[in-house]
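Peer 1: Sending over a structure as structure tokens; questions will come in a sec.
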Amino acid sequence: MTNHWIDLRNSDCILVMGSNVASNHPIAMKWIQKAKDKGTKLISVDPRFTQTSARADIYASLRSGTDIPFLGGMIKYLLDNDKIEKDYVVNYTNASFIVGDKFDFADGLFSGYDPEKRSYDKSLWAFVKDDKGLVAKDPTLENPKCVYQLLKKHYSRYDIDLVSSITGTPKEDLLKVWETYAQTSSKDKAGTILYAMGWTQHTVGVQNIRTMAIIQLLLGNMGVAGGGVNALRGESNVQGSTDQALLFHILPGYLRMPSADLATLEDYKKAITPKTADPMSANWWQNGPKYAVSLLKSFWGEKATAENDFGYGWLPKLDVGQNCSWLNLFDDMYNGKIKGFFAWGQNPACSSANAHKVRQALGKLDWLVNINIFDNETGSFWKGPGMDPKSIKTEVFMLPCAASVEKEGSISNSGRWAQWRYKAGNAPGMAKPDGDILADLFVKIRDLYKKGGKHPEPILNLKWDYVDKKGHFDPHLVAKEINGYFLKDIKIGDKEYKKGDLVPGFALLQADGSTSSGNWLYCQSYNADGNNMARRKKDDPTGLGLYPQWAWAWPVNRRILYNRASVDLNGQPNNPARPVVKWVDGKWVGDVPDGPWPPMADKEKGKLPFIMKPDGVASIFGPGLNDGPFPEHYEPLECPVPSNALSKQFINPTIKIFKGEKDQHLTCDPRFPFVGTTYRVTEHWQTGLMTRWQPWLIEAEPQMFVEMSEELAQLRGIKNGEKVKVSSVRGEVEAVAMVTTRFKPFKIGDITVHEVGMPWCFGWITPKDGGESVNLLTPNVGDPNTMIPESKAFMVNVTKIEGGSKNV
Amino acid sequence: MSDGYSILVDTSKCTACRGCQIACKQWNGLPGTKTKNEGTHQNPMDLSFETYKLVRYAEGTHPDGKNYWNFFSEQCRHCLNPGCMAEAEKGEIIHDEKTGAVLFTSKTKSLNFETAREGCPYDIPRQNPKTKEMFKCTMCFDRITNNMIPACVKSCPTGAMVFGERDKILADAKSRVEELKKSYPKAQALNPDDVRVIYIVTDAPDKYWKFAAGK
């Protein structure tokens, strides 16, 4: 989230699209209800009429996988009707930037496409720069090559008739949503978007979000209270785990993972330091080297010296272009390239797209360590349906771990608030906190390396002082390490710091090895003021619900990101009724501003507001993405229509298509005529691993179901409540038919398209008759930028079960 | 002077998260009963001697083609003149004066269950088929007499359920209905003068549950 949960109450219009917030983030509805109480409009856009739709002022349906036409049409509407916040667009976005002559777009493809590599030469999308390196701009936005005009041209094709014929949304509903949301172009109005996996899990996942980001920029909704682009994270601490580099391509604090061509620290520093010629750009990532060296010092302590590149050589490196994301990882495992696997706090046998391939892949391992609070379909895959235990060689270890309330530590919520939790009770039996399991493992591994082994330095040199006297993992020591220390006595400005002092904030981190920090973004979370994450003061000086003394938010306790975009060039709030920050008597008041510099009217010291971008402005034109600088509609890999109504380019031209025996997909095939999608229910958490053992929850949602329209049920002769078979080219599951008015057939051009929806919270282990994972049906194809699987739009068939369909 | 307690259930704020249904089971130590999916998210399908609080789901299409999906978090209404008590002459059912809660005691074993159930306009009483004892919502009597609010109300994230002094709740209900009427002409509070658990609906009561406003 650029904003945070409580801030939803400040919004004037809340668009929920790609999310079913009422079901999946029920507490959020507290703040949405507070907004509604003062007249805020709630809009729900979803293929299915959901619990969120039930509370919405406006509901619009759309076929899964057509969000870009829906939103691209909104962009066209905003531009055609001049419903934009012009000062904001000119001053704070790259709308005025001139794009080079090599950029082009024709019939679904941007310039620079190489069909063999299925990728673009992105250098063709570069901006025009003068000899000083400054980007050419046209603040009048009239130059035909400026971003604004290119945007207008690009979305001119997304007219309402065409959009409606792709999305299946009735035209009057499209208009109602566009008109209502467009009202937030007014400076005193803020609109927010809440999205989740309904947007990300597509082969155009990143571009779905980009389309909305463009809308938010045109409307001036970024950086303001009640605005922002807000990703509702699916797990209580998934934000924290991402910050702490759960993913393969980053180090903690979103530092880039080194690749093999960056042999030395100098190479790496150069690669992570963006350049700008614009003196008005803060270009914050130019500080990357300070954070990288502080991280290396945190890893290897005194063993990391200037002479040995602070241990940079000990960091693992990706091969150039290597992508180790989920789908590739399990493809490698399936092909026997991975021998051992820690399944830690996860259940890929149910959670992963094309789960059947994953279950087969687990059988190719030498060993599998399953660390969880319950047995699950992953740890017991070898005795699951269709498996022959005798033929599986994988040795499986189960390590029981403590549940979240059985250990102390921080969790970072969607709003970036790191909140410290105390331990409510001890874990039962042999279960241990994850930190203890890791600490024990590390010591064993280090002992083994002491006896020999290849490349032992990273392990033997690792600084390891995170256990207490009894040998237990100490979360406070780790939290302090993440914050960072001064490693020698040092004077910065007129302030002196002693060796061993906690660093007050990341502005003081150094690239010379004099500071450490396990994650620069969290520097300030635990410092001389104490454990700021444990703060529980309820003061709200701005009245906006920022609660600056409650817990701690990254970065530097800023509650609303890009907040300097909420003011005019003189630092005065665009909406005086809800000022996030304000320039008063030579300083900022309100939220922690995006940097200390004065407002932009100060031509010498002022800075542009989007400080994490080298240009200092937000990107309406995004030349860094793999599938194009503007979002463009492509059909899902599996879709119900024979062609893309917007261009000859049927599917996203840059997606990776796996070609193994288990990687099947079929599009527009009469055997699988219905769109399938997946979702969660309130009662079950993720794969249901924790909740399917809970009698009250399983009483409320006991069995795998498939929701379908009355029309589809009639077509197939299916009665409400009977068991049916749902199949895709990859597998089949049984499910109870829920025949509902909440799904309606879509009119897509001349054809009627039916869509069905299923939850992904079931699995064979428990309960009996609960049903199997819907991910046996979903395709293993991913977004070209993130490789997140396309679990939200694929093709299925639904049939009666011959010879008996009575539910147990 | 207080007039006991009331609970306001504003269905226009209910999201069917079912926190109330689960919280009721948890506080009252009631088991998760064996269920199957019967073609609806509602489960269990009805109240029982082991289910005092149940979110009922009702869906359909309005004449204008728009969907509705109504959620009705049902429980005993704790009537001011409880119909279930008509034949309870020996203290089998207690009408607590201070709180207004209507409480089934273990003596309900000796009552004629069908009479008690038929006497209830909202079809609330349920019986343990083995012990013949009757059960229903207690307004969390053990909580509200110990400075706690009912478990269901405590769990509600959106403020759809509010517990408080009856006069205050009545006033809240009135102003909320006035507010809702601007957008929903059919908005009303159901039988506020007769019951302590007052539901606000924005559509015809039978579009929520057949006994929402009484039999």
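Peer 1: Express the C-alpha Rg of the stretch A:684-797 as a ratio against the empirical globular expectation 2.2 N^0.38 Å, rounded to two decimals.
Peer 2: Scaled against compact globular proteins, the figure is 1.13.
Peer 1: Let me know the charge dipole size of chain A about its Cα centre in debye, to the nearest 20, where only the beta-carbon of Lys, Arg (+1) and Asp, Glu (-1) is charged.
Peer 2: 1140 debye
Peer 1: Taking just the C-alpha trace of the stretch A:631-757, give me its Rg and Dmax in Å.
Peer 2: Cα-based Rg and Dmax for the stretch A:631-757 come out at 17.1, 52 Å.
Peer 1: If you take all C-alpha pairs in the stretch A:322-479, what percent of them are over 19 Å apart?
Peer 2: 65 percent
Peer 1: Take B:Glu165, project a point 7 Å from its Cα along the Cβ direction, then tell me which residues of the stretch B:1-27 have their backbone nitrogen under 17 Å from it.
Peer 2: Residues passing the 17 Å test: B:1-8.
Peer 1: Given axes a ≥ b ≥ c from the Cα gyration tensor, I'd like to know whether the stretch A:489-611 is rounded (a/c under 1.5), prolate (a/b larger than b/c) or oblate.
Peer 2: oblate
Peer 1: Ordered by packing density, taken as the mean number of other Cβ atoms within 10 Å over each peptide's residues, highest first, how do B:68-78, A:30-40 rank?
Peer 2: Result, highest mean Cβ count within 10 Å first: B:68-78, A:30-40.
Peer 1: Run the accessible area of the protein assembly as shown with a 1.4 Å probe and give the carbon-and-sulfur part as a rounded percent.
Peer 2: C and S atoms contribute 54 percent here.
Peer 1: Another question about this same structure. In terms of the ratio Rg/(2.2 N^0.38 Å) built on C-alpha atoms, what value belongs to the stretch A:575-637?
Peer 2: Compactness ratio reported: 1.61.
Peer 1: Another question, if that's okay. Using the alpha-carbon centroid of each, what span in Å lies between the stretch A:466-501 and the stretch A:120-178?
Peer 2: First find each Cα centre; the distance between them is then 49 Å.
Peer 1: Based on the alpha carbons, how large is the Rg to Rh ratio for the protein assembly as shown when Rh follows Kirkwood?
Peer 2: 0.97
Peer 1: Right, next: Against the longest principal axis of chain B, how steep is helix B:19-28, in degrees 0 to 90 to the nearest 10, with axes from Cα atoms?
Peer 2: The two axes meet at around 10 degrees.
Peer 1: If you bin the C-alpha pair distances of the stretch A:207-341 every 5 Å from 0, what whole percents do you get?
Peer 2: Pairs per bin, as whole percents: 2, 8, 12, 14, 17, 17, 14, 9, 5, 2, 0.
Peer 1: State to the nearest 20 debye the size of the charge dipole of the stretch A:1-117 about its Cα centre, where the only charges are +1 on K and R beta carbons and -1 on D and E beta carbons.
Peer 2: Using Cβ point charges on Lys, Arg, Asp and Glu, the stretch A:1-117 gives about 760 debye.
Peer 1: Give the calculated FRET efficiency between A:Gln549 and A:Asp82 to the nearest 0.05, with a Förster radius of 45 Å applied to their Cβ-Cβ distance.
Peer 2: For R0 = 45 Å, the calculated efficiency reads 0.60.
Peer 1: Sticking with this one: Which value, in debye to the nearest 20, gives the size of the charge dipole of the stretch A:126-232 about its Cα centre, when Lys and Arg are +1 and Asp and Glu are -1 at the Cβ?
Peer 2: 240 debye
Peer 1: Across the residues of B:27-40, average count of Cβ atoms on other protein chains within 10 Å?
Peer 2: Taking all residues of B:27-40 together, the mean is 6.
Peer 1: Where the Cα atoms of the stretch A:173-250 are projected onto their three principal axes, how long is each span, largest first, in whole Å?
Peer 2: 40, 27, 20
Peer 1: If you don't mind, there's one more thing I want to ask. On a full-extension model of 0.36 nm per residue, what is the gain between A:Asp267 and A:Asp107, subtracting their alpha-carbon distance, rounded to one decimal in nm?
Peer 2: 53.6 nm
Peer 1: Same structure again: Got a sec? Charge dipole of the stretch A:667-808, +1 on Cβ for Lys and Arg, -1 for Asp and Glu; which of A:Ser791, A:Leu715, A:Ala700 is way out at the positive end?
Peer 2: A:Leu715
Peer 1: What's the ranking of B:87-98, A:173-184 by average number of surrounding C-beta atoms within 10 Å, highest first?
Peer 2: For the peptides B:87-98, A:173-184, the packing ranking is A:173-184, B:87-98.
Peer 1: Please give the per residue accessible area of the stretch A:516-649, computed with a probe of 1.4 Å over protein heavy atoms only, in Å².
Peer 2: Accessible surface, normalised per residue, equals 37 Å².
Peer 1: Within chain A, what percent of beta bridges assigned by DSSP are antiparallel, to the nearest 5?
Peer 2: Looking only at bridges with both residues in chain A, the antiparallel portion is about 55 percent.
Peer 1: OK, next. Residues in the stretch A:765-808 near a label at A:Val238, defined as backbone nitrogen under 16 Å from the 7 Å Cα→Cβ point?
Peer 2: A:775, A:783, A:786-793
Peer 1: Can you find, among B:Met134, B:Pro157, B:Asn147, the residue sitting farthest towards the positive end of the charge dipole of the stretch B:131-179, where Lys and Arg contribute +1 and Asp and Glu -1 at Cβ?
Peer 2: Positive-end residue among those listed: B:Met134.
Peer 1: Take every DSSP beta bridge with both residues inside chain B and express the antiparallel ones as a percent of the total, to the nearest 5.
Peer 2: Looking only at bridges with both residues in chain B, the antiparallel portion is about 85 percent.
Peer 1: Here is a further query. With the contact rule set at Cα under 8 Å and sequence spacing of 6 or more, what percent relative contact order holds for chain A?
Peer 2: In percent, rounded to a whole number, it is 16.
Peer 1: Which value in Å does the Kirkwood hydrodynamic radius of chain B take, with 1/r averaged over all unlike C-alpha pairs and then inverted?
Peer 2: About 17.7 Å for chain B.
Peer 1: P(r) of the stretch A:548-695 in 10 Å steps, Cα pairs, percent per bin?
Peer 2: Values per bin, smallest distances first: 9, 21, 18, 20, 21, 10, 1, 0.
Peer 1: At 20 °C and a viscosity of 1.002 mPa s, what translational diffusion coefficient does Stokes-Einstein give for the stretch B:3-122, taking Rh as the Kirkwood radius over Cα pairs? Give it in µm²/s as a whole number.
Peer 2: 130 µm²/s
Peer 1: When N counts the residues of the stretch A:15-64, how does its alpha-carbon radius of gyration compare numerically with 2.2 N^0.38 Å, as a ratio?
Peer 2: Its radius of gyration relative to the 2.2 N^0.38 Å reference: 1.05.
Peer 1: How many Cβ atoms of partner chains, on average, are near each residue of A:29-36 if near means within 10 Å of its Cβ?
Peer 2: Averaged over the peptide's residues, the number is 4.
Peer 1: Would you mind giving the mean number of other chain beta-carbons within 10 Å of the Cβ of each residue in A:736-747, as a whole number?
Peer 2: For this peptide, the per-residue mean of nearby foreign Cβ atoms is 3.
Peer 1: Take A:Lys423 and A:Ser156, extend 7 Å from each Cα along the Cα→Cβ direction, and tell me the distance between the two endpoints in nm.
Peer 2: Rounded to a tenth, the inter-label distance reads 6.6 nm.
Peer 1: Still on this structure, I have one more. Nearest 10 degrees, 0 to 90: what angle lies between the long axis of helix B:166-181 and the longest principal axis of chain B (Cα atoms)?
Peer 2: Orientation of helix B:166-181: about 20 degrees from the principal axis.
Peer 1: Where in the stretch B:137-172 does the label zone of B:Leu80 land, with the point 7 angstrom along Cα→C-beta and an amide N cut-off under 16 Å?
Peer 2: Label zone hits: B:165-172.
Peer 1: Quote the convex hull volume per residue of the stretch A:288-369, based on C-alpha atoms, as a whole number of Å³.
Peer 2: Enclosed volume per residue, from the Cα hull, is 153 Å³.
Peer 1: Report, in deg cm²/dmol and to the nearest 500, the calculated mean residue ellipticity at 222 nm for the protein assembly as shown, where each DSSP H run with n ≥ 4 adds -39500 (n - 2.57) and the sum is divided by the residue count.
Peer 2: That calculation yields -6000 deg cm²/dmol at 222 nm.
Peer 1: Once the dipole of the protein assembly as shown is set up with Lys and Arg at +1 and Asp and Glu at -1 on Cβ about the Cα centre, which of A:Leu438, A:Ala361, B:Ile124 lies farthest towards its positive end?
Peer 2: Of A:Leu438, A:Ala361, B:Ile124, it is A:Leu438.
Peer 1: Then there's this: So for the pair B:Glu87, A:Gln286, with labels modelled 7 Å out along Cα→Cβ, what separation do we get in nm?
Peer 2: Here the modelled spin labels are 8.8 nm apart.
Peer 1: Averaged over every viewing direction, what's the projected area of the C-alpha convex hull for the stretch A:401-440? Give it in nm², one decimal, please.
Peer 2: 3.1 nm²
Peer 1: So what does the Cα-only Debye profile of the stretch A:2-108 read at q = 0.11, 0.15, 0.22, 0.23 Å⁻¹, as log10 I(q)/I(0), no solvent term?
Peer 2: Each listed q maps to, in turn, -0.49, -0.83, -1.23, -1.26.
Peer 1: Sticking with this structure for a sec: How many nm is it between the label spots at A:His455 and B:Ser183, if each spot is 7 Å from the Cα in line with the beta carbon?
Peer 2: Once both label points are built, they end up 5.8 nm from each other.
Peer 1: Sort A:778-785, A:397-404, B:133-140, A:460-467 by packing, meaning the average of other beta carbons within 10 Å per residue, with the highest value first.
Peer 2: Highest-to-lowest ranking by the protection proxy: A:778-785, B:133-140, A:397-404, A:460-467.
The values are calculated or read from the model by the stated rules, or taken from the named source; none is laboratory data. Here the structure is a predicted model, which means the values were calculated and not measured. Neighbour counts are summed over all protein chains in view; Cβ atoms, including those assigned to glycine, are modelled from backbone coordinates with ideal geometry. Surface areas here come from the heavy atoms of the whole protein model, side chains and all, with no ligands, DNA or RNA. Shrake-Rupley method; radii C 1.70, N 1.55, O 1.52, S 1.80 Å.
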